[in-house]
Amino acid sequence: MAAFHFIQALGFPSRIHVFFPTGDQNRYNIINKKQRGFLVFASADKKSDKEIYLKSKVETLLQSVKWDDKGLAVGIAQNIDTGAILMQGFVNSDALATTISSQKATFYSRSRSALWTKGETSKNFINVHDIYLDCDRDSIIYLGKPDGPACHTGSETCYYTSVPDLLENKQVDGNKFALTTLYSLETIISQRKAELALPQTGKPSWTKRLLLDHDLLCSKIREEADELCRTLEDNEDQARTAAEMGDVLYHAMVLMAVKGVKIEEVLEVLRKRFFQSGIEEKRSRGLGS
């Protein structure tokens with residue numbers, strides 16, 4: 001977890017936020033008692049400079065956010081692997097502090113005047129891996145991994161209403177999302193795969209041919225990978241490398257569709273390798289040194 005890789009939260013009463021580095025928790029015996037609003041610690045050390053310092057850093061951060069006149073800022077939850085915007089709510093200082101400590105996306109309900117953690121009822125939590133503030137420090141992004149649909153409608157995200165569709169009086173499709181290029185391509189390939197179950201007329205598209213002919217698909221992946229390597233070996237320009245990489249991605253994604261693998265799964269695998277060396281990763285798969 002990028003932002004929380006070195007820090008873990010202790011339980012704390014409202015408005016008192018105490019943190020200590022991961023791995024140090026066994027050094028402290030936490031007494032379940034409040035004293036003047038602060039948690040009391042019995043420590044093997046005479047001083048608890050780390051806890052005080054980290055608590056101070058969090059408090060300074062909370063004070064640096066430009067909360068509006070109601071003490072709120074916009075809070076946006078984004079999928080760490082797909083980049084999809086999952087939902088938007090409002091956050092106050094307690095909600096942000098709670099998110100930092102629990103690593104669960106927490107917001108402030110204006111209608112109930114209370115904190116709420118996404119998933120507390122549905123169990124579709126958003127597990128926060130990183131938090132970003134914008135340049136003006138008046139909006140916040142929770143970058144995380146959802147346990148399930150983010151929208152109360154059951155949709156993957158709350159953003160499935162296309163303005164052009166509304167202007168053209170098209171029916172809103174709860175499965176149509178605001179997709180980036182890679183995911184738009186994945187959606188098209190999935191549609192072509194689904195169409196194979198229908199009666200076929202005319203000449204099949206190239207994608208359908210690849211989906212049906214696995215030997216052809218594998219030969220194309222090998223061919224395109226070789227052409228990508230040749231752009232380096234033959235010192236071809238960047239545009240050529242980008243074009244060949246596009247071919248590799250497309251054909252590899254068709255193979256993934258055949259195997260029922262989502263691009264999100266691949267990106268999650270890559271993310272989990274960020275803090276692991278390539279040698280260690282190969283050994284974990286039994287591939288040797």
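The set of residues in segment 198-212 being open to solvent by less than 70 Å² (accessible area, probe 1.4 Å) and not small (Gly, Ala, Ser) consists of Pro204, Thr207, Lys208, Leu210, Leu211. Within segment 89-104, the residues that satisfy the criterion of being assigned to a strand (DSSP E or B) and either more than 15 Å from Cys151 (Cα to Cα) or in contact with a helix residue (DSSP H, G or I) (Cβ under 8 Å, 6 or more places away or on another chain) (or both) are Phe90, Val91, Lys104. Which ones in segment 105-122 are in a strand (DSSP E or B) and touching an Asp or Glu at 6+ places or on another chain (Cβ under 9 Å)? Answer for segment 105-122, where residues must be in a strand (DSSP E or B) and touching an Asp or Glu at 6+ places or on another chain (Cβ under 9 Å): Thr106, Tyr108, Leu115.
Within the bounds of segment 76-88, is there any residue that is free of Cβ contacts under 8 Å to residues at least 40 places away in the same chain and assigned to a loop (DSSP other than H, G, I, E, B)? No, every residue in segment 76-88 fails to be free of Cβ contacts under 8 Å to residues at least 40 places away in the same chain and assigned to a loop (DSSP other than H, G, I, E, B). Checking each residue in segment 123-139 for being within 19 Å of the chain's Cα centre (by Cα) and either part of a strand (DSSP E or B) or not basic (Lys, Arg) (or both) picks out Asn124, Phe125, Ile126, Asn127, Val128, His129, Asp130, Ile131, Tyr132, Leu133, Asp134, Ser139.
Filter segment 125-160 down to residues that are out of contact with any helix residue (DSSP H, G or I) (no Cβ under 9 Å at 6 or more places or on another chain) and hydroxyl-bearing (Ser, Thr, Tyr) and give me whichever is nearest to Val91 (Cα to Cα). Looking at residues that are out of contact with any helix residue (DSSP H, G or I) (no Cβ under 9 Å at 6 or more places or on another chain) and hydroxyl-bearing (Ser, Thr, Tyr), I get Ser139. Within segment 120-138, the set of residues being in contact (Cβ under 8 Å) with a residue 40 or more places away in the chain, open to solvent by 30 Å² or more (accessible area, probe 1.4 Å) and not charged (D, E, K, R) comprises Ile131, Leu133.
Taken over segment 101-119, the criterion of being under 19 Å from the mean Cα position of the chain (by Cα) and surrounded by fewer than 20 Cβ atoms within 10 Å (Cβ to Cβ) is satisfied by Ser102, Lys104, Thr117, Gly119. Among the conditions (1) assigned to a helix (DSSP H, G or I); (2) at pLDDT 95 or above; (3) within 30 Å of Asn79 (Cβ to Cβ); (4) not aromatic (Phe, Trp, Tyr), Val261 misses just one, which is (1).
What number of residues within segment 163-188 are assigned to a helix (DSSP H, G or I) and within 23 Å of the chain's Cα centre (by Cα)?
Of the residues in that region, 8 qualify.
The values are calculated or read from the model by the stated rules, or taken from the named source; none is laboratory data. Keep in mind the model is a prediction, meaning the values are calculated, not measured. For neighbour counting, all protein chains shown are included, and Cβ atoms are generated from backbone atoms with ideal geometry for every residue, glycine included. When the accessible area is computed, the model is the full protein with side chains, heavy atoms only, and any ligands, DNA or RNA have been set aside. Shrake-Rupley method; radii C 1.70, N 1.55, O 1.52, S 1.80 Å.
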